[in-house]
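A.B. asks: My structure is below; once you've seen it, I'll send some questions.
We did not get these values from a lab; they are worked out from the coordinates using the rules stated. This structure is a prediction, so every number in the text was calculated from the model and none was measured. For neighbour counting, all protein chains shown are included, and Cβ atoms are generated from backbone atoms with ideal geometry for every residue, glycine included.
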Amino acid sequence: MLFRSNGQPGVAIMLSYGPDRDWLKNLKAADNARMRRYGKTIGVANPRVVSTAEAAQHVSNGWRPIIARVPFEQAVLLTKTG
């Protein structure tokens with residue numbers, strides 16, 4: 001579950017299976033990546049694992065109630081680089 005956030009960091013991804021995922025380990029090791037969403041490719045960097053509550057503070061107001069109800073404890077915040 002990926003959510004666009006207001007300003008920085010840029011992207012919040014809910015960690016539905018926890019932080020011990022290969023894609024997250026690879027992203028942390030590289031510190032940056034490119035991701036494709038809705039046919040557009042963007043750069044992302046600076047992955048930070050945070051609580052879902054902290055991630056909710058960064059997403060658009062309309063998504064905050066939804067994030068508050070997801071059964072996940074953590075999310076990753078990513079800075080958009082382009």
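A.B. asks: Please list, in order along the range 32-41, the HN-Hα scalar couplings obtained from phi with the Karplus expression 6.51 cos²θ - 1.76 cosθ + 1.60 (θ = phi - 60°), rounded to whole Hz, x for Gly and Pro.
C.D. replies: Values, residue by residue: 7, 6, 10, 10, 10, 9, 6, x, 10, 9 Hz.
A.B. asks: Roughly how many nanometres apart are two label points built 7 Å out from the Cα toward the Cβ at Tyr38 and Gln57?
C.D. replies: Output for this residue pair reads 2.6 nm.
A.B. asks: How charged is the neighbourhood of Gly10? Take every other residue with its Cβ under 11 Å from the Cβ of Gly10, and add Lys/Arg as +1 and Asp/Glu as -1.
C.D. replies: Details: positive: Arg4, Lys80; negative: none.
It works out to a net charge of +2.
A.B. asks: Identify the chymotrypsin sites (Phe, Trp or Tyr not before Pro) of the chain meeting these criteria: DSSP loop state and at most 13 other C-beta atoms within 10 Å of the C-beta.
C.D. replies: Those satisfying the criteria are Tyr17, Tyr38.
A.B. asks: Here is a follow-up. Quick check: net charge around Ala75, other residues with Cβ under 12 Å of its Cβ, Lys/Arg +1 and Asp/Glu -1?
C.D. replies: Overall, the nearby charge balance is -1.
A.B. asks: Before rounding to the nearest 500, sum -39500 (n - 2.57) across all DSSP H runs of length at least 4 in the chain and divide by the residue total; then give [θ] at 222 nm in deg cm²/dmol. Walk me through the intermediate numbers first.
C.D. replies: Details: 3 runs with 20 residues, N = 82.
Theoretical 222 nm ellipticity from helices: -6000 deg cm²/dmol.
A.B. asks: Can you give the direction-averaged projected area of the convex hull of the alpha-carbon atoms in the chain, in nm²?
C.D. replies: On the way: hull surface 20.1 nm².
Directional mean of the projected Cα hull area for the chain stands at 5.0 nm².
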